[in-house]
Amino acid sequence: MSVIRKFDYQPNLQGRALRRSETMKVLVLTPRIDWPFFADVVQGLEDRAKQDGYYVLVCPTSNHKNREEELFQMLQNKLADGVITFSSTLTEEKLSALGQKYSIVQCCEIKEASFTCAVSIDDEAAAYDAVRHFIEAGHRDIALIGGPSNINSTHLRLQGYRRALAQYDIPVRKEWIKLGDGRYDDGVALTNELLQLSESPSAIFCLNDSVAVGCVNAIKINGRTVPDEIAVIGFDNTREATMSLPALTTVHQPKYDLGYTAMNLLIHNMTSEDKNYERVTLPHRLVERESTSRG
């Protein structure tokens, strides 16, 4: 021990990992780390990982397929034990092939890939509930804005929007559906486009809270009021929703539970020979605030 202290010896953790055939590291692959809801999901991941001594490495991919494939190489090189992926750029076939060899969990953005676990909410049902809330409040002129257009949740939420309109015999107006990158600036720009139409909607469903905050601000900049002239609903129930003026009605995603459940599924498959390729759907709920309430 005196020699260890004298020379400040540090064990070679990579060598130890090779001997044990485990690294106690988990990769979390995400297109971007500036999603407002992402911090709460990561907290859930971290808390569950700590219980079993795992370290979480968050790796942004910027939606670059080559970067994602490079990070998956860490599994193949035994530099990590498993992967949790948000909105993978890989094909379903590629994810399935990797899932046969390694422990992989998809979180929030799901592809129909075999040999992987998945955890999310029911995006289609959540969007349906939001749009139905508008309709039951008396709205029939309902627009949808958000994005990005290349992720599965956007398509599912669009399906929910269309289903709600169809159920109440409200025609879909293509000019009232506008998709962008799903950021605040899109909320401003897409809302401005809606308000420049000859007929503007009385309600706008936004596919995330960042877009919804931009939407609210654009409405006010254009001299209109929320919710008296135009009502707004967001999605995710992030801190942005309560910071908005007026505060946003929004769909609540159980962000912490999504992360915790994803890590729990991953740890099971990393440590058990009895693999369980489970699809878990967690409950959502609509949180009503001032952006849809007239009093």
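Observations, loosely collected:
- Under-5 Å amide H pairs with G82, H placed in peptide plane, nonlocal only: L27
- Note on the chain: Kirkwood radius taken over Cα pairs, Stokes-Einstein applied at 37 °C and 0.692 mPa s, translational D equal to 160 µm² s⁻¹.
- Volume per residue for the range 217-295 equals 95 cubic angstrom (convex hull of Cα atoms).
- Neighbour counts of C-beta atoms inside 10 Å place E199, E92 in the sequence E199, E92, starting with the fewest.
- Cα-based Lys pair tally, the chain, threshold under 17 Å, eight or more apart or on separate chains: 8
- Karplus-based coupling profile of the range 111-121, in residue order and whole Hz: 10, 7, 9, 5, 6, 10, 8, 8, 9, 6, 9, with θ = phi - 60° in 6.51 cos²θ - 1.76 cosθ + 1.60 and x standing for Gly or Pro.
- Cα-based radius of gyration of the range 123-252 once divided by 2.2 N^0.38 Å, which approximates compact folds: 0.92
Throughout, read-outs are computed from the coordinates displayed, never taken from laboratory work. These figures come from a predicted structure and were not determined experimentally. Note that each Cβ is placed from the backbone with ideal geometry, even for glycine, and that neighbours are counted across all protein chains shown.
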